[in-house]
Amino acid sequence: MSEEKYIPKSKLAQWFDSRLPLLTLSHHLQSYPTPKNLNYWWTFGGILTFCLITQIVTGLVLAMHYVAHVDHAFESIEHIMRNVNYGWLIRYVHANGASMFFLAVYIHIFRALFYGSYKSPREVIWIIGLLIYILMMATAFMGYVLPWGQMSFWGATVITNLFSAIPFIGDSITTWLWGGYSVDNPTLNRFYSLHYLLPFLIFGLVVLHIWALHIPGNNNPIGIDVKKNSNETMPFHPYMVMKDIFALLLFITVFLWFVFFAPNVLGHPDNYIEANPLVTPAHIVPEWYLLPFYAILRAIPSKLGGVIFMFASIFILMLLPWLDTSKVRSAIFRPIYKKLFWVLFFVVILLGYLGAKPPEGIYLILSRLATAYYFIHFLVILPLLGRYEKTDPLPQSISDPVLNKPGVLDKFKKVAAEYEGENVGSFK
Amino acid sequence: MAEKIKRKRRDFLFTATYTVGAVGLGSAIWPLVDQMNPDSSVKALSTTEVDVSRLEPGKTITVLWRGKPIFIKRRTSKEIDEASKVDLKDLKDPEKDSDRASNPEWLVMVGVCTHLGCVPLSDKGEYKGWFCPCHGSHYDTSGRIRKGPAPKNLEIPKYEFVDNNTIKIG
């Protein structure tokens, strides 16, 4: 970092900091230079940190009351809801918290797609972010199994059976995952163990994600490189901290609206029926945040093919920094990409809608078209677009587009002229 | 020259050390991996006996074996005819009906869709056999896959008739 060396004021602090530089770290985090034009889409990193901590704290408390056994799991959830003091509140925060976490992460990802935040030199930040996202999906899936309702059981059955599509060793892998010949008590126990572990791995990756971010610094809405510690940047504290807190409060308002007024609207009513290995519910749907991938899985008329395309739809994002050949980061200066970004956004929402519908008739045709477009966007359109798109000229600095707006300079001159009359010195 | 020989010896020592280390690490990790496989108590529950004396022709019962549903269907002669008449060329996973049901009246199958593991519904679907509601796989009256994403026929478990009224599965 190009910051000046920090030396704590007191002798004691100097003594401590030279042995463990926590104060230097704290100073770095506060003075970390951020581009002065960051908009509210940049507040979701802080919001996501809040979501992770909320999930860990509420989860820790729920674990004090939950019983991971097929005969008691469903009952123990009802016990939490009815008997445990504030159990209903803690569980609803945890369950809706998962949805809010994904809402925030999707906004965060689409922000990166729009402003080209994944491009050089931020590829490693992007890939770590995707690893976090994959771990989030695994954690959420295993958490959804724990209440041992019908959707828990059949969701677990369908997802673990995905691995049986692997040629030759698929069946041994599913048996190994289950610890038996079907989803049963051993499966529930290990999912509980892993559901407890993975959030801490996510936490570790979040530290790496932020560390990697602090090397080049934030991208920004116009996507040009910003000189650090110049009049183009502001210290993280208090400027960004205040903006983040304000956005977080608005986010918490939405979060708590769900918790208090519609706590079950994002869940599936069938999960209030205890798991029954003999009866599959008429409609198995995953949680809303996994629906686009579910639609891709079902769009391919072959078992192995569906599984390959579903995983590929996530892993293709890891290659995005190299698939997008355009040197211009922000979509603001890429007229065609800007439109295609919204097409992609719409296609992903459409896939989510189709994932919730039965795989037949028009729904199946549309899911195939949308799946095809999703892959074409990343594999064909982006590599070619970088070569042929005529981008708009980039501004020289963050202040440039603001100051050089037509009329802005005239306004300055007018104000200057007025002051000149009052004889306050000349500033033309 | 002596230097070269020394380096070769050193390379050998390094390679040998890495190899022994890797084998040691691997054998230390294996118990941690294998503990997730089915344990002895799970394996012990390997057979189930079912009394089928009260099952009427055309009806299916579902029993649990190793945590999985097993369909036992007493087929009508019409259903047996339909199943045996099918041309093997029309099948995705060709199998003769006589190979699937040694006693044609009784069809014993694992009631788990070979696609992603849901339980198909009996006497439903385009082939009047089984239909899986999850992703739309159709099975015929012999439990063979006819349409939809499932790759294989419904699995036939190991079973035998202990006497005229009892089937032992497993």
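Here are a few things to note about the model shown:
- Derived scalar couplings between HN and Hα for the range A:104-109 equal 5, 5, 5, 4, 4, 5 Hz in order, rounded to whole Hz, by the Karplus curve 6.51 cos²θ - 1.76 cosθ + 1.60 (θ = phi - 60°), x for Gly and Pro.
- Crossing angle, helix B:2-34 versus chain B [Cα axis fit, 0-90 degrees, rounded to tens]: 30 degrees
- Annotation: the residues A:I376, A:I125, sorted from fewest to most other C-beta atoms within 10 Å of their own C-beta, follow the order A:I376, A:I125.
- Candidates B:Y18, B:Y139, B:Y127, ranked by Gaussian network fluctuation over chain B, Cα under 10 Å, top entry: B:Y18
- For B:L121, residues with placed amide H under 5 Å, excluding near neighbours: B:F131, B:C132
- Loop-resident sites, the range A:51-143, for chymotrypsin sites (Phe, Trp or Tyr not before Pro), counting at most 15 other Cβ within 10 Å (DSSP): A:Y86
- Partnerless Cys - the protein assembly as shown, beta-carbon criterion under 4.7 Å: A:C51
- Mean sequence separation of contacting Cα pairs (under 8 Å, at least six apart), scaled by the length of chain A, corresponds to a relative contact order of 21 percent.
- Centroid-to-centroid separation of the range B:84-107 and the range A:350-404 [C-alpha atoms, Å]: 48 Å
- Here the Karplus curve 6.51 cos²θ - 1.76 cosθ + 1.60, taken at θ = phi - 60°, turns the phi angles of the range A:15-32 into couplings of 4, 5, 5, 6, 9, 9, x, 5, 5, 4, 4, 4, 5, 4, 5, 6, 8, 3 Hz, with x standing for Gly and Pro.
- Vicinal HN-Hα couplings computed from phi for the range B:136-147 (Karplus, 6.51 cos²θ - 1.76 cosθ + 1.60; Hz; Gly/Pro x): x, 9, 10, 10, 8, 6, 10, x, 9, 6, 10, 7
- Each of B:C118, B:C113 has some number of other Cβ atoms within 10 Å of its Cβ, and from fewest to most they run B:C118, B:C113.
- Calculated FRET value between A:I362 and A:I273, using beta carbons and R₀ = 25 Å, to 0.05: 0.25
- With respect to chain A, whose longest principal axis is taken over its alpha-carbon atoms, helix A:303-315 is tilted by about 20°.
- Highest GNM mean-square fluctuation among B:N103, B:N37, B:N153, for chain B modelled with Cα contacts below 10 Å: B:N37.
- Distance from the alpha carbon centroid of the range A:236-300 to that of the range B:1-48 works out to 42 angstrom.
- Helix A:408-421 axis, angle to chain A major axis (alpha carbon atoms, nearest 10°): 40 degrees
Laboratory data are not the source of any read-out in this text; all were calculated from the coordinates shown. Keep in mind that what you see is a predicted model, and the values were worked out from it rather than measured. All Cβ positions, glycine included, derive from the backbone under ideal geometry; neighbour counts span all protein chains shown.
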